[in-house]
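Derivation of every value follows stated rules applied to the coordinates shown; laboratory data play no part. Please read all numbers here as calculations on a predicted model, not as lab measurements. Ideal geometry is used to build each Cβ from the backbone, glycine not excepted, and the neighbour counts take in all protein chains shown.
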Amino acid sequence: MTTTTATPRGFGYRHPRLRLAGLLSAPMAWLVVVYLGSLAALFLTAFWTVDDFTGQLVKTFTMKNFQQVFTNPAYLGSMLRTVSIALLVTLFCLVLALPLAFFMARVARTSWRPLLIAMVLTPLWASYLVKVYAWRAMLQPETGVLAWFLDPLGLSSPGYGYLGIVITLTYLWLPYMILPIYAGLTRLPDSMLDASSDLGAKGGRTFRSVVMPIIFPSIVAGSIFTFSLSLGDYITAQIVGGKVTMLGNIVQTTYVTNLPFAAAVATIPVVIVLLYLLAVRRSGALDNL
Amino acid sequence: MSISRGTRVVLTIFAIIAFGFIYVPLGVILINSFSTDKSLTWPPSGFTTEWWGKAAESESVREALLTSIGIAIAATLVALVLGTLLAFALGRYRFFGRESISLLVVLPIALPGIVTGIALNNVFTSFLGGLTIYTLIIGHGTFCIVVVYNNVIARIRRMGGSVEEASADLGANGWRTFVYVTFPLMRSALIAGAILAFGLSFDEIIVTTFTAGPGITTLPIWIYQNLFRPNQAPIVNVVAAALVLVSILPIYIAQRFSNADERGGGLI
């Protein structure tokens, strides 16, 4: 057979559909069967119940678990508290990351950038648990670092609790907000800032009308991490939360004895995150992850 | 450029404070590991290297470290194979459902770890008859796929298909093209992806808690178990400090294979 085609030879190249199937089958088997299958099974379980006497699963459809989450004040409070923590953490991360990323991308010398990026990345690689533990040492009432620093100033350490959780989670997820915003800012051409000031815009106006629209997808990309990771966290609450509990703590304490209820509680952050992901998919933020 | 001097000064001061916020807690961990105090107390009352010696001799710490490394290697291998296959499928072909797959691959790290954890725990205990070291590797592999995928697909997008076509025009078959052209171009992306996957697995605690068989203790699990034991604080401090120091290493290596630019400055 004589051929003049420029595509590589071989069975797969002449049969692109088969080649695609070959590439996709193993990863899809893993992600769809193992992962999506497990998630589906979990959400199905959320509509079942556990028999109080035998501890066996009762596989009949009921909304009882969800009703319990939304009507029991303790669970409802925990849910609202968790969402408020996730929102506050996202806000704190944004407030810290915007000026810092702007400094890295626009103020610091270009030759410093690799060092500055490494300085943001390094704590990301320090173990999650170690960082939470570090904040246990920071926040400890009376003998913690913050108490030692703040007490002489007449202030008091936030200690373990709601604010402690917010500070620790902000610390944990901050790099996830800095890096996308930094990347967005480095893509912003100088000429656009110059054009804006030539047209008479002051700093604030330029920021609102030129910088913000360009880095918005980066902010959304960062917020996916800060919001979602905060919603599902329970270890931070255990270590620096004192008596404050989050949704994850309820899941963790109930899943052995009442899996359907734990599944229902776990569904809540998933639904919130999925709605958020679907809403932002159009903004192109997912390409910035 | 139109940034005033005042703004520059304010931003510089802000950056110094922000970096302080980022590094002070890590510094506290390092200093505490040399403290003579047996509980978390600041400021430390004295200097000693005794705890570093005790931690180095600790059998349980060494076992946990080896377990963590072994699991991270296995999960990285799974992620390398599956992530690369997926990246080639999505990077080279246009087909129905392509967008959904790119969303699906991010899901295991975008969803809270506890959800992935109890979902896998439920399935493993109901259908596989319980938790083992293999269920733990499956759990870790699942969320590591995305980092390999992201690195490889970024490289595929940048590389295009022309070099492979050139190879084919010169008479190479599919396998030869892969060995001499495609793989060498992919190598640094694969290394960067592997380092990230290894780090992700090594650090993971939540999915580990729910998918590890009984008696399997990774380093994060070891820390977690000893965190609230008062007399263990000095050893926990040392392990924590060692992990902070070790975390600098992957950063250095990843910088060498850095392809943050081609990934649009993405994280993972």
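Evaluate the following for residue B:123: is it free of Cβ contacts under 8 Å to residues at least 60 places away in the same chain, at the interface with chain A (Cβ under 7 Å from one of its Cβ atoms) and farther than 20 Å from residue B:198 by Cα?
yes
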For this session: Determine, yes or no, whether residue B:155 is among the basic types (Lys, Arg) and surrounded by 21 or more Cβ atoms within 10 Å (Cβ to Cβ).
Result: yes
For this session: State which residue is farthest from residue B:237 (Cα to Cα) when the search covers only segment B:4-17 and only residues that are surrounded by 14 or more Cβ atoms within 10 Å (Cβ to Cβ) and of a type in the set (A, V, I, L, M).
Result: B:10
For this session: May I ask you to list the residues in segment A:93-120 that are of a type in the set (Lys, Arg) and either at the interface with another protein chain (Cβ under 10 Å from one of its Cβ atoms) or crowded, with 20+ Cβ neighbours inside 10 Å (or both)?
Result: A:106
Problem set entry | helices (runs of 4 or more DSSP H) wholly inside segment A:216-288 that include at least 3 residues being among the small types (Gly, Ala, Ser) | A:259-281
Problem set entry | segment A:188-221 - residue that is within 9 Å of another protein chain (Cβ to nearest Cβ) and touching a residue at least 12 places away in the same chain (Cβ under 8 Å) and, of those, surrounded by the most Cβ atoms within 10 Å (Cβ to Cβ) | A:221
Seminar exercise, completed: Residues of segment A:143-172 being facing another protein chain (nearest Cβ under 9 Å), hydroxyl-bearing (Ser, Thr, Tyr) and without any contact (Cβ under 8 Å) to a residue 12 or more places away in the chain, in sequence order, are A:143
For this session: Check B:163, B:238 and return the single one that is touching a helix residue (DSSP H, G or I) at 6+ places or on another chain (Cβ under 8 Å), more than 10 Å from chain A (Cβ to nearest Cβ) and buried (at least 21 other Cβ atoms within 10 Å of the Cβ).
Result: B:238
Exercise. Just checking, how many residues over segment B:18-36 are without any contact (Cβ under 8 Å) to a residue 24 or more places away in the chain and either within 27 Å of the chain's Cα centre (by Cα) or surrounded by 17 or more Cβ atoms within 10 Å (Cβ to Cβ) (or both)?
Worked result: 12
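Residues are listed down the side, and each one gets a yes or a no for (1) free of Cβ contacts under 8 Å to residues at least 24 places away in the same chain; (2) under 19 Å from residue A:239 (Cα atoms); (3) assigned to a helix (DSSP H, G or I); (4) not hydrophobic (A, V, I, L, M, F, W, C):
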{"site": "A:77", "(1), (2), (3), (4)": "yes, no, yes, yes"}
{"site": "A:89", "(1), (2), (3), (4)": "no, yes, yes, no"}
{"site": "A:93", "(1), (2), (3), (4)": "no, no, yes, no"}
{"site": "A:98", "(1), (2), (3), (4)": "no, no, yes, no"}
{"site": "A:116", "(1), (2), (3), (4)": "yes, no, yes, no"}
{"site": "A:119", "(1), (2), (3), (4)": "yes, no, yes, no"}
{"site": "A:122", "(1), (2), (3), (4)": "yes, no, yes, yes"}
